[in-house]
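The values are calculated or read from the model by the stated rules, or taken from the named source; none is laboratory data. Model, not experiment: these values are computed from the prediction. Glycine gets a Cβ as well: all are built from the backbone with ideal geometry, and neighbour counts include every protein chain shown. For accessibility, only protein heavy atoms count, side chains too; no ligands or nucleic acids. Shrake-Rupley method; radii C 1.70, N 1.55, O 1.52, S 1.80 Å.
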Amino acid sequence: MVRKFLLCFHDFSVWNYQDVIPVLEELKELVGAPFSVLVIPDTENAPMETIDGFRAALGRLKLEGFELALHGFKHKAEFSQGRSYAGLIGMNLTSGEAEFAGLSEYESCRLLQASLGAWKKLFADENGDAEMPVAFVPPTWFSNKFLPGQVRAAKMLYEDRFSMTTVNGVRYSSPVASFAGIPKVTENAAFLYAEGILKFPFGVPRIAVHPVDFPRLNGRIRNLVRLALGCNRRLVFYREL
């Protein structure tokens, strides 16, 4: 039986798209197919020319077959009165990037709607309509107890650190290999873990790469992708789950 895996490029934004596009194209050539790209939709304070270029780049990626998913709102948390103590710990561990961590039901819904609103601005056609993203991935995977249900109610797949849950409630075991934000002394262990989850006979593992991984870890990540393809695994999109 052919097993599955996902290659997910995180943190594609208005601020880095020009540098990231060549990396996406190189990975596409290696894999032989497009893959999933996680978009940070907020464009606040970006020059209009840059926003227009970002919007055009997203359109080109979509035409090339890349799957575009929603990755939070700003990927940087704002002050919230509704954040729990556990959420504050998550914020501290991620230098403030865990914007959904520990939020109250109201604040979580408000931030999710802001994220969807920013997405609509990026992808709206001449009639003001935009397709809903197929999946939502909270930045750093830190979340709150309300967000999974809110995401699924909005007709999107929800991803956490260890699993993915479809709109219909089907849950997939999905360990993730990620190398951003970890101490360099732990990178070898992280790559060994990544190799292990790809060889394990169950689940749908994810290789989550970030702009900060390149070019320093480019060779090791390429080898990891080759391993996934050589382990009788097929690259899939979120929408195929």
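Just name the residue that is farthest from the chain's Cα centre (by Cα) out of those in the range 122-141 that are surrounded by fewer than 18 Cβ atoms within 10 Å (Cβ to Cβ) and of a type in the set (G, A, S). Reasoning before the result, please.
Step one: filter the range 122-141 for residues surrounded by fewer than 18 Cβ atoms within 10 Å (Cβ to Cβ), giving 124-132.
Next, only the ones that are of a type in the set (G, A, S) stay: 124, 128, 130.
Details: A124: 21, G128: 25, A130: 19 Å.
Among residues in the range 122-141 that are surrounded by fewer than 18 Cβ atoms within 10 Å (Cβ to Cβ) and of a type in the set (G, A, S), the one farthest from the chain's Cα centre (by Cα) is G128.
Do we find that G169 is at positive phi, part of a loop (DSSP other than H, G, I, E, B) and surrounded by 12 or more Cβ atoms within 10 Å (Cβ to Cβ) in this structure? Write out each step before concluding.
Working: at positive phi: yes; part of a loop (DSSP other than H, G, I, E, B): yes; surrounded by 12 or more Cβ atoms within 10 Å (Cβ to Cβ): no.
Answer is no for this residue.
Of everything in the range 142-158, what is in a loop (DSSP other than H, G, I, E, B) and open to solvent by 10 Å² or more (accessible area, probe 1.4 Å)? Give them in sequence order.
F142, S143, N144, K145, F146, A154, K155
On the basis of being touching a strand residue (DSSP E or B) at 6+ places or on another chain (Cβ under 9 Å), among the aromatic types (F, W, Y), open to solvent by 70 Å² or more (accessible area, probe 1.4 Å) and in contact (Cβ under 8 Å) with a residue 12 or more places away in the chain, does F162 make the cut? Break it down into steps so the answer makes sense when it comes.
On the way: touching a strand residue (DSSP E or B) at 6+ places or on another chain (Cβ under 9 Å): yes; among the aromatic types (F, W, Y): yes; open to solvent by 70 Å² or more (accessible area, probe 1.4 Å): yes; in contact (Cβ under 8 Å) with a residue 12 or more places away in the chain: yes.
It is true that F162 is touching a strand residue (DSSP E or B) at 6+ places or on another chain (Cβ under 9 Å), among the aromatic types (F, W, Y), open to solvent by 70 Å² or more (accessible area, probe 1.4 Å) and in contact (Cβ under 8 Å) with a residue 12 or more places away in the chain.
Contact list please: Cβ distance under 7 Å, first residue in the range 76-96 and closer than 22 Å to P183 by Cα and at pLDDT 80 or above, second residue open to solvent by 90 Å² or more (accessible area, probe 1.4 Å) and assigned to a helix (DSSP H, G or I), pairs at least six apart or on different chains.
none
Could you list all residues from the range 194-213 that are part of a helix (DSSP H, G or I), touching a residue at least 24 places away in the same chain (Cβ under 8 Å) and not basic (K, R)?
Quick first cut of the range 194-213, residues part of a helix (DSSP H, G or I) only: 194-199, 211-213.
When the remaining residues are screened for being touching a residue at least 24 places away in the same chain (Cβ under 8 Å), the result is 194-195, 198-199, 211-213.
Passing the criteria: A194, E195, L198, P211, V212, D213.
Given (1) at pLDDT 95 or above; (2) in contact with an Asp or Glu (Cβ under 9 Å, 6 or more places away or on another chain), where does A153 come up short, assuming only one miss?
It fails just one condition, (2).
Residue under question is A177, and the condition is that it be outside any helix (DSSP H, G or I), in contact with a Cys (Cβ under 6 Å, 6 or more places away or on another chain), of a type outside the set (D, E, K, R) and under 29 Å from E25 (Cβ atoms); does it hold?
Details: outside any helix (DSSP H, G or I): yes; in contact with a Cys (Cβ under 6 Å, 6 or more places away or on another chain): no; of a type outside the set (D, E, K, R): yes; under 29 Å from E25 (Cβ atoms): yes.
Spelling it out, it is not the case that A177 is outside any helix (DSSP H, G or I), in contact with a Cys (Cβ under 6 Å, 6 or more places away or on another chain), of a type outside the set (D, E, K, R) and under 29 Å from E25 (Cβ atoms).
Out of everything in the range 21-76 that is on the phi > 0 side of the Ramachandran plot and touching a Ser or Thr at 6+ places or on another chain (Cβ under 9 Å), what residue ends up being least open to solvent (accessible area, probe 1.4 Å)?
Ranking the candidates gives G72 first.
Going by the conditions given, is L112 within 22 Å of A56 (Cα to Cα), in contact (Cβ under 8 Å) with a residue 40 or more places away in the chain, assigned to a helix (DSSP H, G or I) and not β-branched (V, I, T)? Give the steps one after another, and end with the answer.
Working: within 22 Å of A56 (Cα to Cα): no; in contact (Cβ under 8 Å) with a residue 40 or more places away in the chain: yes; assigned to a helix (DSSP H, G or I): yes; not β-branched (V, I, T): yes.
Taking the combined requirement at face value, the residue does not satisfy it.
Considering only the range 108-141, state which residues are of a type in the set (D, E) and closer than 19 Å to M156 by Cβ.
As a first pass, look at the range 108-141 and keep what is of a type in the set (D, E): 125-126, 129, 131.
Answer for the range 108-141, where residues must be of a type in the set (D, E) and closer than 19 Å to M156 by Cβ: D129, E131.
Somewhere in the range 78-91, is a residue β-branched (V, I, T) and either farther than 17 Å from I40 by Cα or touching a Pro at 6+ places or on another chain (Cβ under 8 Å) (or both)? Even if it seems obvious, please write down each step before you answer.
Just the residues of the range 78-91 that are β-branched (V, I, T), to begin with: 89.
Retained after the next criterion (residues that are either farther than 17 Å from I40 by Cα or touching a Pro at 6+ places or on another chain (Cβ under 8 Å) (or both)): 89.
There is at least one residue in the range 78-91 that is β-branched (V, I, T) and either farther than 17 Å from I40 by Cα or touching a Pro at 6+ places or on another chain (Cβ under 8 Å) (or both).
If only one of R239, R216, R226, R220 is under 26 Å from E131 (Cα atoms) and either part of a helix (DSSP H, G or I) or without any contact (Cβ under 8 Å) to a residue 12 or more places away in the chain (or both), which one is it?
Details: R216 fails: under 26 Å from E131 (Cα atoms); R226 fails: under 26 Å from E131 (Cα atoms); R220 fails: under 26 Å from E131 (Cα atoms).
Residue meeting the stated conditions: R239.
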